[in-house]
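Below is one structure, written out as structure tokens; comments come after it.
The values are calculated or read from the model by the stated rules, or taken from the named source; none is laboratory data. Please read these numbers as outputs of a predicted model, since none were measured by experiment. Neighbour counts run over all protein chains shown; Cβ positions are idealised from the backbone, glycine included.
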Amino acid sequence: MIKRMALLLAAGCITGSAVAQNYPSRAIRMIVALGPGGGTDVTGRIVSQKLSEQMGVPVVVENRPGAGTVIGTEVAAKAAPDGYTLVTASPELSINPSLQAKLPYDTLRDFAAISQLTTGQYFLSTHPSVPVRTVKDLIALAKAKSGRVTYGSSGNGSANHLGGVLFQNMTGTRLVHVPYKSAAQAATALMSGEIDLMISSTTAAINPIKSGRLRAIAVTGPKRLSLTPEVPTVSESGVPGFEVTGWYMMLAPAGVPRDIIARLNSEIVKAVHSPAVKDRFAALGTEPVGSSAEACGEFLRAEIAKWTKVVRASGAKAD
């Protein structure tokens with residue numbers, strides 16, 4: 001009996017190794033749980049293109065927006081654990097466990113971490129017609145027009161939604177949240193003057209800011225961006241301690257063979273640190289990371305703990 005079990009285990013290892021050696025043999029699906037044109041989508045497409053070049057198979061981005069990224073994330077969680085479905089995740093992945101009353105998946109149990117792709121931050125930006133140029137101006141306007149200044153987001157439970165909630169709680173203001181189906185739709189609304197302001201990823205906002213279609217009031221990270229050194233942080237502009245940072249990571253459904261996770265990690269690290277991809281990230285105000293799968297998993301756990309404290313302190317809800 002023991003000999004038979006040993007033979008079965010050995011056969012399983014050989015089969016798993018053979019699968020990994022033949023991987024990938026067909027197209028890989030990369031789910032983005034937000035709409036086209038936002039920072040998650042742009043980052044996913046940059047990485048997918050490079051992975052396709054390196055691995056010799058199509059890596060096809062599939063946008064599955066809705067429910068604060070829950071719809072697309074659920075699709076990824078329930079996909080076959082064969083390495084042919086990946087998901088490019090953003091901070092919403094770590095926010096939803098404390099923001100959403102009931103998730104159709106377990107964020108830590110149902111995913112295998114592969115690698116953190118990038119780190120970055122956000123712009124607090126307004127339509128040029130809004131009569132503010134600093135954070136202090138914005139706070140004064142929001143208090144004078146309490147409940148009438150609008151801010152957009154890529155959906156309920158998104159990082160820019162929660163960032164807006166945090167801003168209100170730290171400044172004693174009351175803004176009107178206007179959720180859209182994607183960051184691109186929200187950015188279009190902001191550029192048209194449909195809404196007043198937004199906390200936008202640098203990836204999505206840098207070009208409209210450079211062209212003058214949006215006005216950058218501040219950045220949300222711990223330091224100024226080298227791309228826009230003239231734009232101060234929110235913290236140094238009168239809201240000390242305010243910080244919202246962004247990131248993107250690659251995950252797979254739990255159960256993907258370790259050899260395949262290792263292969264994907266190796267390819268992703270190579271991709272994000274390639275000169276062409278690094279240049280594209282730099283132009284968008286983000287920095288490549290390319291962490292190990294283990295470090296990525298630890299980072300996700302830490303982010304969930306961090307956002308749980310923020311959500312509880314702010315009283316934010318998914319609406």
Legend entry - Qualifying position, being under 20 Å from Lys136 (Cα atoms) and either within 22 Å of the chain's Cα centre (by Cα) or polar (S, T, N, Q) (or both), among Thr228, Thr202, Thr188: Thr228
Legend entry - Counted residues, region 185-195 - those being at pLDDT 95 or above, surrounded by 19 or more Cβ atoms within 10 Å (Cβ to Cβ) and in a helix (DSSP H, G or I): 1
Inset, instruction - Please go through region 165-184 and pick out each residue that is assigned to a helix (DSSP H, G or I) and aromatic (Phe, Trp, Tyr). - result: Phe167
Legend entry - Tally of residues being among the aliphatic types (A, V, I, L, M) and either buried (at least 24 other Cβ atoms within 10 Å of the Cβ) or within 29 Å of Gln100 (Cβ to Cβ) (or both) across region 126-167: 7
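What do you reckon, is Leu108 within 29 Å of Phe281 (Cβ to Cβ), out of contact with any Cys (no Cβ under 8 Å at 6 or more places or on another chain) and assigned to a strand (DSSP E or B)? Lay out the reasoning, then the answer.
Numbers: within 29 Å of Phe281 (Cβ to Cβ): yes; out of contact with any Cys (no Cβ under 8 Å at 6 or more places or on another chain): yes; assigned to a strand (DSSP E or B): no.
Considered against the rule, which asks whether it is within 29 Å of Phe281 (Cβ to Cβ), out of contact with any Cys (no Cβ under 8 Å at 6 or more places or on another chain) and assigned to a strand (DSSP E or B), Leu108 comes out as no.
Being under 14 Å from Ala33 (Cα atoms) and either aliphatic (A, V, I, L, M) or in the same structural domain as Gly35 (by TED's automatic domain parsing) (or both) is the filter here, so list the residues in region 141-165 that pass it.
First pass over region 141-165, keeping only residues under 14 Å from Ala33 (Cα atoms): 154-159.
Scanning region 141-165 gives a single hit, Ala159.
For region 111-158, enumerate the residues that are in a loop (DSSP other than H, G, I, E, B) and under 19 Å from the mean Cα position of the chain (by Cα). Let's see the steps before the verdict.
Step one: filter region 111-158 for residues in a loop (DSSP other than H, G, I, E, B), giving 127-134, 145-149, 154-158.
Residues satisfying the conditions are Ser154, Gly155, Asn156, Gly157, Ser158.
Restricting the search to region 211-226, which residues are crowded, with 16+ Cβ neighbours inside 10 Å and farther than 24 Å from Gly193 by Cβ? Full working, then the answer.
Here is the first cut: in region 211-226, the ones crowded, with 16+ Cβ neighbours inside 10 Å are 213-221, 224-225.
Gly221, Arg224, Leu225 - these are the residues of region 211-226 that are crowded, with 16+ Cβ neighbours inside 10 Å and farther than 24 Å from Gly193 by Cβ.
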Legend entry - Near pairs, Cβ below 9 angstrom, 6+ apart or cross-chain, from region 50-64 (of a type in the set (Gly, Ala, Ser) and surrounded by 15 or more Cβ atoms within 10 Å (Cβ to Cβ)) to any residue that is modelled with pLDDT of 95 or more and part of a strand (DSSP E or B): Ser52/Ile28; Ser52/Val59; Ser52/Val60
Inset, instruction - List the number of the failed condition for Met198; all other conditions in (1) assigned to a helix (DSSP H, G or I); (2) in contact with a strand residue (DSSP E or B) (Cβ under 8 Å, 6 or more places away or on another chain) hold. - result: (1)
